[in-house]
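**Student:** Submitted below is the structure of interest, expressed as structure tokens.
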Amino acid sequence: MEIKNTGRDKKDIGIFSYDIRHRKTYDTLCLLKAKGYEKVTVYAQPLHYRKTFEPLLKHRPDIGIDIPDIEVTCRNFSYSFVKGRFGEIKIAKHDVILVCGAGIIPEDIVKRHIIVNAHPGYIPLVRGLDSFKWAIWEEKPIGVTVHVIGDYVDAGEVIDRKIMEINENTTFFEAAQNVYENEISMLVAAIEKINEKHIFMEPEDTIIHKRMPHEIEKKLMDKFEEYKKKVIIPR
């Protein structure tokens, strides 16, 4: 059987990440390699914050457990690795840059590059941090959105978005894992959709969520059981 050349080996992909063991970056690099993308450069800046808030419900995979250092992964995959702060290092021109971890990206970099983010929420209904948890609490769709970074936080040019299927047998942590896995797959899939016509989603309001406080987290598992009994569709 003849295998057709998809052109993926010709695509030039950038990755924004941190210079630590980083699960989302590692999983994204593995999927890129598995799909045949050969020209990949990881830009890894120092982790710029110290984690001070510990959630009661850890719904994301551990950031660096049992995975190689990102620089080692790049070396093993024959990918390029550039270390330094984004405002201080030279960032080459790529077909697209995927965000796996970055913090605030300097405005001039945003304007000069096509930068794509996978948001663990259904834009524009749920924006900001802990979107998976806030979707449950506010009875909004649990979903994932892949969008081009621009003038709005978790809004703007949407490449793809998907609502997760939830049924009475779905556990809280199964739903969270489904969101995470779709972030990775949809982020990589966005490479082939970057030149398609996209929709532009204006923010519905000014609410950009912060970390969910513990007093709400304590009630979230009960809220999720109520959530599963309802059909949540976008308004």
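The values are calculated or read from the model by the stated rules, or taken from the named source; none is laboratory data. Note that the coordinates shown come from a computational prediction; the quantities given were computed from them, not determined experimentally. All Cβ positions, even for glycine, are placed from backbone atoms using ideal geometry, and neighbour counts span all protein chains on display. Calculation scope for accessible area: heavy atoms of the full protein, side chains included, ligands and nucleic acids excluded. Shrake-Rupley method; radii C 1.70, N 1.55, O 1.52, S 1.80 Å.
**Student:** Counting each DSSP H run of 4 or more residues in the chain as -39500 (n - 2.57), what helix-only mean residue ellipticity at 222 nm follows after dividing by all residues, to the nearest 500 deg cm²/dmol?
**Tutor:** Details: 7 runs with 63 residues, N = 235.
So the calculated ellipticity at 222 nm is -7500 deg cm²/dmol.
**Student:** Specify whether the C-alpha gyration tensor of the range 1-157 places it in the rounded, prolate or oblate class, a ≥ b ≥ c being the square roots of the eigenvalues: rounded for a/c under 1.5, otherwise prolate if a/b is larger than b/c and oblate if not. Write out the running numbers ahead of the final one.
**Tutor:** Working: a/c = 1.45, a/b = 1.37, b/c = 1.05.
It is rounded, given that a/c, with a ≥ b ≥ c, falls under 1.5.
**Student:** Towards the positive end of the charge dipole of the chain, with charges on Cβ (+1 Lys, Arg; -1 Asp, Glu), say which of Val82, Cys100, Thr52 has the farthest Cα.
**Tutor:** Val82
**Student:** Let me ask you something else. Shape verdict for the range 67-183, please, from the Cα gyration tensor: rounded (a/c under 1.5), prolate (a/b greater than b/c) or oblate.
**Tutor:** Working: a/c = 2.61, a/b = 1.55, b/c = 1.68.
It is oblate, given that a/c is not under 1.5 and a/b is not larger than b/c.
**Student:** Okay, moving on. Can you grab the distance from the C-alpha centre of the range 20-34 to the C-alpha centre of the range 41-120, Å, no decimals?
**Tutor:** Each part's Cα centre sits 10 Å from the other's.
**Student:** Largest first, what is the accessible-area ranking of Asp160, Asp95 with a 1.4 Å probe?
**Tutor:** Asp95, Asp160
**Student:** Going through the cross-link list Lys33/Lys230; Lys210/Lys230; Lys193/Lys228; Lys162/Lys223, which pairs have a Cα-Cα distance over 28 Å in this structure?
**Tutor:** Working: Lys33/Lys230 39 Å; Lys210/Lys230 25 Å; Lys193/Lys228 32 Å; Lys162/Lys223 22 Å.
Check vs 28 Å cut-off fails for Lys33/Lys230; Lys193/Lys228.
**Student:** Is the shape of the range 11-51 rounded, prolate or oblate, going by the alpha carbon gyration tensor and its root eigenvalues a ≥ b ≥ c, with a/c under 1.5 for rounded and a/b larger than b/c for prolate? Each step should come with its number before you reach the end.
**Tutor:** Values: a/c = 4.13, a/b = 1.95, b/c = 2.12.
Oblate shape, in that a/c is at least 1.5 and b/c is the bigger or equal ratio.
**Student:** Given a Förster distance of 35 Å, report the FRET efficiency between Thr206 and Thr170 from their Cβ-Cβ distance, rounded to the nearest 0.05. Could the numbers behind the result be given before it?
**Tutor:** Values: r = 31 Å, r/R0 = 0.89.
After rounding, the FRET efficiency stands at 0.65.
**Student:** Tally the DSSP beta bridges in the chain and give the antiparallel ones as a percent, rounded to 5. Spell out each step's value before the answer.
**Tutor:** Details: 12 of 31 bridges.
Roughly 40 percent of the beta bridges in the chain run antiparallel, per DSSP.
**Student:** With the contact rule set at Cα under 8 Å and sequence spacing of 6 or more, what percent relative contact order holds for the chain?
**Tutor:** Values: 407 pairs, mean separation 48.1, N = 235.
20 percent.
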